[in-house]
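Student: Take this structure, written in structure tokens, and hold onto it; I'll ask about it next.
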Amino acid sequence: MEHTSKLITSTLSHSLDGQKIVLCVTGSVAAVECPSLARLLMRHGADVHVVMSPTAQRIIHPYLMEWATGNPVVTELTGQIEHVTLAGKHDDAASLVIVSPSTANTIGKIANGIDDTPVTTTVSSAIGAGIPVIVVPAMHRSLYDHPAVTENIQRLRRFGVTVLTPRMEEAKAKIPDTETILEHVLRILGPNDMQGVKAVVTAGPTRGWIDRVRFVTNPSSGKMGIEIAREISLRGGEVVLVLGPTCEKPPATVETVRVDTPEEMLSAVRDALERTEASLFVSAAAVLDFTPREREDRKRPSGEPYEVVLVPTKKIIDEVRSTHPDLFIVGFKVESGVSDEELVSRAKQKIDAGVCDLMVANDERRRGVAFGTDTNEVVIVGPEGLIKKVELAPKREVARRIVDEITSRVRS
């Protein structure tokens, strides 16, 4: 019977289905993050196997990692030649090896071919077998800044090892959060079918200011556009994300330009398209259709009656099409309380008008759809009409399905 811990596999996405990942844990206190990292990888489909150094076992118990992954943990090398079984030159070897956290000691040993722990021997085998390796340093800043450590990191990079940049906080070089590590994993193991594509993506709301402290806006969180930017980047594309005011964290693998108003978003989009010579524009932001005609340069006193005159804003997608006739443009449309047939019909109007090449539409009245949710349900519409309907799913999975369709068209 399969370990019950594996019931979480692929509950967030199928991005890592069929991928065997070896997670090597060394003797840093950051090892406490490893159960969360292992389970996040599993939730995206990975089969995770853990190798622990002797010192790591004094910080977290191997039983914890066995529970986290549902697989036995390698704590020593035996006649089973575990390092070769997991990371040798054969068809059943791992797709990727991650060393997280990696101490300065381990970095030095890997860089110089010293194999005296299960971790260092497994990583050396992986490098020799041509298996991708990610090293995630974790140590005090004074150790990280040592010239020998700097040289060892550069040496690893020359070997083709991906060494992540730590977060510098409290005089420590801390590991990035698990989502950032995941993004690098997905980028390495992804299909790479957007390699060479340069894209500009908009996401999030915009604001129309009434006075110095009040504004009109909408409830967009930006999650859908952020996930699309992430997906394009993880497939090898170069992305500029133009992001409105939101608390959502943008992907670590994309360039993010923060904006506030519709005018700022339009200006940032124009600049990014020209600067990058992009071939793809995804207009996923919820840009205000109307904004206050005037902004008072004060805080209007409370209780004082007044009128706010709203004027139409420029349609960013229309402005972009007028100046970039050959650009592949994907638009988004939100409707309220309509049938699927009507949703498709309204989405197709922008395509028929020559503004968009693809449209993604949804109905905000449906449960778990549109603004502020972690899930979405959309129809993808092309010149031929309905291409596919994506049933209710996490926005990361919906983004994958949308980018699948974009890829098939920009690569054709």
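The values are calculated or read from the model by the stated rules, or taken from the named source; none is laboratory data. What you see is a predicted model; the values in this text were computed from it and never measured. With ideal geometry, Cβ positions are generated from the backbone for all residues, glycine too; neighbour counts draw on all protein chains shown.
Student: Would you point out which residue out of Arg270, Arg207 is at pLDDT 95 or above, touching a Pro at 6+ places or on another chain (Cβ under 9 Å), over 30 Å from Ile98 (Cα atoms) and basic (Lys, Arg)?
Tutor: Numbers: Arg270 fails: touching a Pro at 6+ places or on another chain (Cβ under 9 Å).
On inspection, the qualifying residue turns out to be Arg207.
Student: Glu238 - would you say it is within 15 Å of Phe281 (Cβ to Cβ) and surrounded by fewer than 21 Cβ atoms within 10 Å (Cβ to Cβ)? I'd like the intermediate steps shown before the answer.
Tutor: On the way: within 15 Å of Phe281 (Cβ to Cβ): yes; surrounded by fewer than 21 Cβ atoms within 10 Å (Cβ to Cβ): yes.
Answer is yes for this residue.
Student: Counting just the residues of region 269-326 that are hydrophobic (A, V, I, L, M, F, W, C) and in a loop (DSSP other than H, G, I, E, B), which one comes out farthest from Asn218 (Cα to Cα)? Spell out how you get there, then give the answer.
Tutor: The initial filter retains those residues of region 269-326 that are hydrophobic (A, V, I, L, M, F, W, C), namely 269, 272-273, 278, 280-282, 284-288, 290, 308-311, 316-317, 320.
So of that shortlist, the ones also in a loop (DSSP other than H, G, I, E, B) come out as 278, 284-285, 287-288, 308-309.
On the way: Ala278: 28, Ala284: 14, Ala285: 11, Val287: 9, Leu288: 8, Val308: 17, Val309: 17 Å.
The qualifying residue farthest from Asn218 (Cα to Cα) is Ala278.
Student: From the list Ala87, Ala104, Ala56, Ala31, which residue is under 26 Å from the mean Cα position of the chain (by Cα) and either touching a residue at least 12 places away in the same chain (Cβ under 8 Å) or within 25 Å of Lys174 (Cβ to Cβ) (or both)? If you could, list the steps in order and put the result at the bottom.
Tutor: Values: Ala87 fails: under 26 Å from the mean Cα position of the chain (by Cα); Ala104 fails: under 26 Å from the mean Cα position of the chain (by Cα); Ala56 fails: under 26 Å from the mean Cα position of the chain (by Cα).
Sole residue among the options that is under 26 Å from the mean Cα position of the chain (by Cα) and either touching a residue at least 12 places away in the same chain (Cβ under 8 Å) or within 25 Å of Lys174 (Cβ to Cβ) (or both): Ala31.
Student: Inside region 1-23, can you point out the residues that are over 14 Å from Ala68 (Cα atoms) and within 24 Å of the chain's Cα centre (by Cα)? Talk me through it step by step, then tell me what you get.
Tutor: Restricting attention to region 1-23, the residues satisfying the condition of being over 14 Å from Ala68 (Cα atoms) are 1, 10-20.
Matches in region 1-23: Ser10, Thr11, Leu12, Ser13, His14, Ser15, Leu16, Asp17, Gly18, Gln19, Lys20.
Student: Moving to a separate point now. At least 3 residues that are under 23 Å from His14 (Cα atoms) and touching a helix residue (DSSP H, G or I) at 6+ places or on another chain (Cβ under 9 Å) in each: list the helices (runs of 4 or more DSSP H) lying fully within region 40-152 that qualify. Even if it seems obvious, please write down each step before you answer.
Tutor: On the way: elements: 56-59, 62-69, 82-87, 104-111, 118-129, 141-144.
Filter on region 40-152 gives 62-69.
Student: Here's another thing I want to ask about it. Can you tell which of Glu231, Glu179, Glu151 is crowded, with 20+ Cβ neighbours inside 10 Å and charged (D, E, K, R)?
Tutor: Glu231
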